[in-house]
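Just so it is clear, none of the values below were taken in a lab; they were calculated from the coordinates. This one's a predicted model, so the numbers in the text were calculated from it and none came from an experiment. For neighbour counting, all protein chains shown are included, and Cβ atoms are generated from backbone atoms with ideal geometry for every residue, glycine included.
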Amino acid sequence: MSDEYVIETRALSRRFGNLVAVDEVDLTVRGGEVFGFLGPNGAGKSTLIRMLVGLLRPSSGEARVLGRTLPREAERLRSAVGYMTQSFSLYQDLTVEENLEFAAEIFGLDGAARRERVAELLAEYELGEQCRQRPATLSGGLKQRLALAVATVHRPSLLVLDEPTAGVDPDRRRDFWEKIFELAADGTTVLVSTHYMDEAVRCHRVAMLIRGRPVAIGEPADLVQALVGRIIEVDAERVERAIPTLRALPYVRSVTQLGSRAHVLIDREARPAAELSAEFDDTLRAAGVEGTASRPAEPTLEDVFVALGLGESLAEGAQ
Ligand code: ADP
């Protein structure tokens, strides 16, 4: 393995008893990338992340992160990585400021350097007003900001975020992502797991995980591009009435309802979506479903998941 990548894994696996949580994953992440793990609950995202930050021993395979070989150099790696989990790892009996001071102390900052860094973080993350409050009294968005400030106290060159925005409202999620991109612009490599589609599209590259395996890795736009010409969007007032008819068509792979529309994935072997759209309307009319309008549509990352047979499992988290 070389040091060309910030993260490199070969056949990295983790088993819990008979369960294979991470299954022979090969992955490379370059410096400065915002790299996303996207997948339903139980896909193995956290397990993979915990191995990559040196908290969990792999069952087999190789991993090199920031030039450190795992698990041998896990200890040294841990002090170089910023790691934030969904539970935020904040100390509830410490104030905002004390949480930052404590984190700074753990990472070896003393005296003036510590005070300076804490003041800097309070300003950067706009937590000055709340500095004497305890985490439990903060809103979800502020708590999340504090957790990110804690994770970046030692200016890590690799920041690993495990579902950092789960349960946070969309406006706060947007703010959070702006911060992530600021850090990436300053050269930080960011590895982030999510089950929100709108977050995955913002990553430079994503790995879609299912049952411990990356089933697709690439730039979101490229993954979507692979489906061009294969999605037909059907608009209807009562679209649920059209769905059984659409599903029964021989060249239809799957139908996903998105509000009052349906996204229909057609087989690779079928004629292009542009040709089939008019036929859809005729077929639906013949089946007694009136007022539908079908047209070829731009595929979304959600369509990629559906095409991979993963649509159902993602539905609850998708936006
Ligand atoms: P995700 O983060 O994608 O939701 P996880 O990595 O948490 O997925 O879990 C992957 C699989 O491994 C799940 O089936 C989960 O139940 C199992 N798993 C995770 N941690 C443990 C553990 N400590 N002991 C046993 N099974 C575990």
(request) Would you please name the residue that is surrounded by the most Cβ atoms within 10 Å (Cβ to Cβ), looking only at residues in the stretch 1-12 that are in a strand (DSSP E or B) and free of Cβ contacts under 8 Å to residues at least 60 places away in the same chain? (result) 9
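Does residue 86 satisfy the criteria of being polar (S, T, N, Q), more than 20 Å from residue 159 (Cα to Cα) and touching a residue at least 40 places away in the same chain (Cβ under 8 Å)? Talk me through it step by step, then tell me what you get.
Values: polar (S, T, N, Q): yes; more than 20 Å from residue 159 (Cα to Cα): no; touching a residue at least 40 places away in the same chain (Cβ under 8 Å): yes.
The answer is no for residue 86.
With respect to residue 168, is the statement that it is in contact with a Gly (Cβ under 7 Å, 6 or more places away or on another chain), away from the ligand (no atom under 16 Å from the Cβ) and in a loop (DSSP other than H, G, I, E, B) true? Give the steps one after another, and end with the answer.
On the way: in contact with a Gly (Cβ under 7 Å, 6 or more places away or on another chain): yes; away from the ligand (no atom under 16 Å from the Cβ): yes; in a loop (DSSP other than H, G, I, E, B): yes.
For residue 168, the condition - in contact with a Gly (Cβ under 7 Å, 6 or more places away or on another chain), away from the ligand (no atom under 16 Å from the Cβ) and in a loop (DSSP other than H, G, I, E, B) - is met.
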(request) Would you please list the contacts, defined by Cβ atoms under 8 Å and residues six or more apart or on different chains, that run from a residue in the stretch 122-146 that is surrounded by fewer than 19 Cβ atoms within 10 Å (Cβ to Cβ) to a residue that is polar (S, T, N, Q) and not in a helix (DSSP H, G or I)? (result) 131/95; 132/95; 133/95; 134/92; 134/95; 136/92
(request) For the stretch 195-205, indicate whether the set of residues that are among the hydrophobic types (A, V, I, L, M, F, W, C), under 23 Å from residue 159 (Cα atoms) and surrounded by fewer than 18 Cβ atoms within 10 Å (Cβ to Cβ) is non-empty. (result) no
(request) Working only within the stretch 234-256, note down all residues that are outside any loop (DSSP other than H, G, I, E, B) and either surrounded by fewer than 19 Cβ atoms within 10 Å (Cβ to Cβ) or of a type in the set (Ser, Thr, Tyr) (or both). (result) 235, 240, 241, 243, 244, 245, 247, 248, 252, 253, 254, 256
(message) What's the total number of residues in the stretch 9-38 that are within 16 Å of the ligand (Cβ to nearest atom) and not hydrophobic (A, V, I, L, M, F, W, C)?
(response) 9
(message) Could you check the stretch 244-277 and list, in sequence order, the residues that are β-branched (Val, Ile, Thr) and free of Cβ contacts under 8 Å to residues at least 24 places away in the same chain?
(response) 252, 255
(message) Looking only at the stretch 39-57, count every residue that is buried (at least 22 other Cβ atoms within 10 Å of the Cβ) and either more than 13 Å from residue 162 (Cβ to Cβ) or away from the ligand (no atom under 16 Å from the Cβ) (or both) and tell me the total.
(response) 1
